[in-house]
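The values are calculated or read from the model by the stated rules, or taken from the named source; none is laboratory data. The structure displayed is predicted, hence computed values, not measured ones. Note: ideal-geometry Cβ built from the backbone for every residue, glycine included; neighbour counts use all protein chains shown. The protein model used for the area step is the full one, side chains on, heavy atoms only, and it has no ligands, DNA or RNA in it. Shrake-Rupley method; radii C 1.70, N 1.55, O 1.52, S 1.80 Å.
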Amino acid sequence: MTSTSLALAAPTAHAAALPATGAASLAWLLIAVPACSAALLLLLGRRSDRWGHWLGLAAAVVSAGLGLAILVQVLGLPADERVLQLDLWQWFSVGSLDVTVGLRLDPLSLTFVTLVTFVGALIHLYSVAYMEHDRDRRRFFAYLNLFVAAMLTLVLGSSYIVLFVGWEGVGLASYLLIGFWNTADADAPQREQAKSRENATAAKKAFVMNRVGDLGLLLAMMAMVYQAGSVAFDDVLGMAADGAIPTAWLTATGFFLLLAACGKSAQFPLQAWLGDAMAGPTPVSALIHAATMVTAGVYLMVRSGAIFQGAPAAQLAVAVVGALTLLLGAVIGAAKDDMKKVLAASTMSQIGYMMLGAGLGPAGYAFAIFHLLTHGFFKAQLFLGAGSVMHAMSDQVDIRRFGALRTAMPITWITMGIGWLAILGIPPFSGFWSKDKIIETAFIGEGLAPWLLGGVALIGAGLTAFYMSRLFFMIFHGQARWTTAADIEGEVHPHESGWLMTAPLVILSVFSVALGGLLTIGDAFVTWLEPVTGHAEHGHPVLPVHVIMAATLAVVVIGALIAWAMYVRRPVETVVQPGNVLVEAARHDMYQDAVNEAIAMRPGQGLVLAATATDRYVVDGAVETLAVGTAGLGRLVRLTQSGYLRTYAAYTLVGTLIALVAVLAGRL
């Protein structure tokens, strides 16, 4: 990339796809192989316990190899021929709406294929050792394979409806994996049963909150069918790029898509599920945060770029949501003591950067995906490193009880250190090249917007440096604060993990160091994405680029130094210390659950109570009152039916007299 920021011109037309040939014609195997492996492992059950994990790993490796072959094939094509289409079968036809199941192989989808399959295969390899003593390791690998197959369906689908199938598959797989450890037996210790229920609740929370996002995607597809008569990318995005869809409908569709992305990518205000999702095994966290689940929302935004380009209000909303979320995640990450929840907050914040980039329009699409790619490698590295630490510390996650692990775990220390430098954005590590470009692009524009968005992006870089340095220093540096036999967690004996766990860390480290710089040479990555994002042009930030770059590095260094002074120079307390209002709010996830309950759950509960009371006291009351009244009238009438003739004669006489009186009264 050049020394100045880049702005990308809008694609003049949606790129036409060519029929897939060669290795690309086998792209359906990318999905079929892991899907069949998952089905086989689930159907065979315990009979595949001894070798099921190797089958799961083999399926991931095959998909990675095929994905690499297709990538090489597409790289060898001229730039204007790098969009391939593989139609598989016609799904259904309703009126004028024909839906075909097909795969789209272009630079955007192949970037995701490479990330998902390669990082996914490393996570599978790591999991062979990490889950070695788990009685359900075979089931775990089945779910991992299902996760990979669903994510590949999502990014390879040639229409929004095929994307939606993968979208739902990812949601199902995440539900199964987040709640994986929810099978405590009835005779298990109370603590184990409570943890099992907690894991199940976390899975349900993620599932329900993602359904809110699903509603957005469904509404968007309904709007597309109404306006374009199709849900295929070629039709919808082509009409949007040509201006054939009214702005109002593009705006509505853009907001619906943003709602979908907020749910899937844990963006404000639907981010509350992400921290609790740490209930799943750590390799799951690596897969969700690095290569699948939360990256889906960013993919949806960039894939739908033609829609947002015709809807400036929706595009601005994407940028604002991203900016809010990156700040929110950074503040939460700075206050957490749970190692995995710090990393979860970090993901929320970094995805916020990507959403901010996607909300900046053509200027930010390529940089959003560039940061997604580099982040996928160093975030997987950080999560797998955290798993290695947990492996050494008897599954403990409280960083207040760590410290001085650098000597006991040198490989984990070095590799996590590389991931730490990458996410901080220290040159020449990968994060520097991608995040810095989003910050520079945020400063492009007119009026107050570039100052606000750029300022938020800059502050976020400083906060990221602080909380990630706090995490790294409290784990590996300072005095050892390990639990002893006197603690409820028991005594620990930290040690380095085996090669099956450290090898993926080392491989990921290579990419965390070199990937960003390599893809920057000659604007290689931006040029690669041009068939999807448009042609690159130079832009002009409101501040000189070298000033923005210097300011970013300065806040990063200041953030890291503050963390070093607080958590290395000073002793770290082993128990949580009282904090100010902001710290307490951050420790409680900015009271997201309370807000969601107040906005969504309590009104619903009130509505149910009102409906129940109406049913009980109004509907049932009216029916019961009518029944009681009728019964009382019946009892009264029954009293008049004595069976004596003289009584009936008296009734007749009285009735006749009353009639006569009435007639006379009428004549008077």
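Annotations
- The residue that is farthest from Tyr160 (Cα to Cα), counting only those in the range 59-110 that are part of a strand (DSSP E or B) and either among the small types (Gly, Ala, Ser) or not assigned by the TED database to the domain that holds Ala228 (or both), is Ser93.
- Test for Phe472: is it modelled with pLDDT of 95 or more, open to solvent by 10 Å² or more (accessible area, probe 1.4 Å) and of a type in the set (A, V, I, L, M, F, W, C): yes
- Ala241 satisfies every condition listed in (1) modelled with pLDDT under 95; (2) buried (at least 24 other Cβ atoms within 10 Å of the Cβ); (3) not in a loop (DSSP other than H, G, I, E, B) except (2).
- The set of residues in the range 246-283 that are of a type in the set (D, E, K, R) and over 21 Å from Met224 (Cβ atoms) contains only Asp276.
- Taken together, Ala279, Ala296, Ala306 contain a single residue that is in contact with a helix residue (DSSP H, G or I) (Cβ under 8 Å, 6 or more places away or on another chain), open to solvent by less than 10 Å² (accessible area, probe 1.4 Å) and either under 18 Å from Tyr175 (Cα atoms) or modelled with pLDDT under 95 (or both), which is Ala296.
- Boolean, Leu508 is closer than 22 Å to Val128 by Cα, open to solvent by less than 50 Å² (accessible area, probe 1.4 Å) and either of a type outside the set (D, E, K, R) or outside the structural domain of Ile332 (by the TED database) (or both): yes
- The number of residues in the range 203-218 that are open to solvent by 10 Å² or more (accessible area, probe 1.4 Å) and farther than 27 Å from Ala252 by Cβ comes to 2.
- Helices (runs of 4 or more DSSP H) wholly inside the range 570-659 that include at least 3 residues being closer than 28 Å to Val208 by Cα: 581-587, 592-596, 602-613
- Restricting attention to the range 531-589 and to residues that are open to solvent by 60 Å² or more (accessible area, probe 1.4 Å) and among the acidic types (Asp, Glu), the residue that is farthest from Asp338 (Cα to Cα) turns out to be Glu537.
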